[in-house]
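Working notes, structure below.
The values are calculated or read from the model by the stated rules, or taken from the named source; none is laboratory data. Remember, it's a predicted structure, so these values are computed and weren't measured experimentally. Glycine also receives a Cβ, built like all others from the backbone with ideal geometry; neighbour counts cover every protein chain displayed. Accessible surface is based on the protein model in full, side chains and every heavy atom, while ligands, DNA and RNA are left aside. Shrake-Rupley method; radii C 1.70, N 1.55, O 1.52, S 1.80 Å.
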Amino acid sequence: QIGAEQIGNPSPFADAETIALLVGIIEKAGAKSCTVEVNSLGCADCRAKYRGILLGYLKAHADALCEPCKERIDQNPLRALDCKSDGPRLAGEAPARELCPDCAIHFNRTQELLKLSGVDFKVNKSLVRGLDYYTRTVFEVKAGELGSQDAVAGGGRYDDLVKAMGGPDAPAIGWAMGVDRLAMLIKDGAGPDASPQIFVISASEDARAGAFKLLGDLRAAGISADF
């Protein structure tokens, strides 16, 4: 996997920056139709409140759930929302999530900053992450070139995780991307041109050391060179 994490910054600017970084990498790999989906799970209080509401709803309608959702209903009821079988139906039928004022402000600001960053995204209220430590912003990036297995990367904010593991209070956001999925997007010739921009030639043996020094200077300046 390829991953990135930004630890210690609770600001929505960190959310937008982290997502924009991910999209930039995927687009440079060759994705032509990159889709970003975002949602907010709210803080720990928002999540706990909604979990209780959703769990009650799912238990009352358990007969309509697929077997995997029935099996994990008590452990992680939120996963039913992104289930390929039950998710589309629950998107319209399950109780809607309500965010506290602070979480609503954070999510709205994140969306504004994504627009400023030029990231094309859509809000998917059914989007959750498989692990239950995520809080507030969660996201997933898909590439149309990959067909039905189109999810390339995903991540989100996990503000309470470091503290829960015995560390300091360190809000964080990050993502992980499968290398195999990314490799499938790379087209022949999609990488940077590796041919040298400058070719250094020494006219004599005495000049070779100077030419070699010049070669190093050029490369240190970010200029592709050979000699």
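Going through 31, 48, 16 one at a time, which residue ends up being crowded, with 17+ Cβ neighbours inside 10 Å and either over 13 Å from residue 155 (Cα atoms) or among the basic types (Lys, Arg) (or both)?
Values: 48 fails: crowded, with 17+ Cβ neighbours inside 10 Å; 16 fails: either over 13 Å from residue 155 (Cα atoms) or among the basic types (Lys, Arg) (or both).
Matching residue, one of 31, 48, 16: 31.
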Subject >> Looking only at the range 1-13, and only at residues there that are farther than 11 Å from residue 157 by Cα and aliphatic (A, V, I, L, M), the one that is least open to solvent (accessible area, probe 1.4 Å) >> reply: 4
Original post:
Got a sec? Which of 201, 105 is in a loop (DSSP other than H, G, I, E, B), open to solvent by 60 Å² or more (accessible area, probe 1.4 Å), of a type in the set (A, V, I, L, M, F, W, C) and at pLDDT 75 or above?
Top reply: 201
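Would you mind stating whether residue 68 is surrounded by fewer than 19 Cβ atoms within 10 Å (Cβ to Cβ) and in contact with a helix residue (DSSP H, G or I) (Cβ under 6 Å, 6 or more places away or on another chain)?
Values: surrounded by fewer than 19 Cβ atoms within 10 Å (Cβ to Cβ): yes; in contact with a helix residue (DSSP H, G or I) (Cβ under 6 Å, 6 or more places away or on another chain): no.
So residue 68 does not fit the description; no.
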Original post:
For the range 90-102, what are the residues that are open to solvent by less than 80 Å² (accessible area, probe 1.4 Å) and modelled with pLDDT under 70?
Top reply: 91, 92
**OP:** Mind listing whichever residues of the range 34-45 are open to solvent by less than 10 Å² (accessible area, probe 1.4 Å) and touching a Lys or Arg at 6+ places or on another chain (Cβ under 7 Å)?
**Re:** 39, 40, 41, 42
**OP:** Report, ordered by the first and then the second residue, all pairs with beta carbons closer than 6 Å, sequence separation of six or more or different chains, a first member in the range 163-192 that is closer than 23 Å to residue 16 by Cβ, and a second member that is modelled with pLDDT of 90 or more and part of a loop (DSSP other than H, G, I, E, B).
**Re:** 170/8; 171/10; 171/159; 172/158
**OP:** Scan the range 135-159 residue by residue and report those that are modelled with pLDDT under 90 and open to solvent by 30 Å² or more (accessible area, probe 1.4 Å).
**Re:** 142, 144, 145, 147, 148, 149, 150, 151
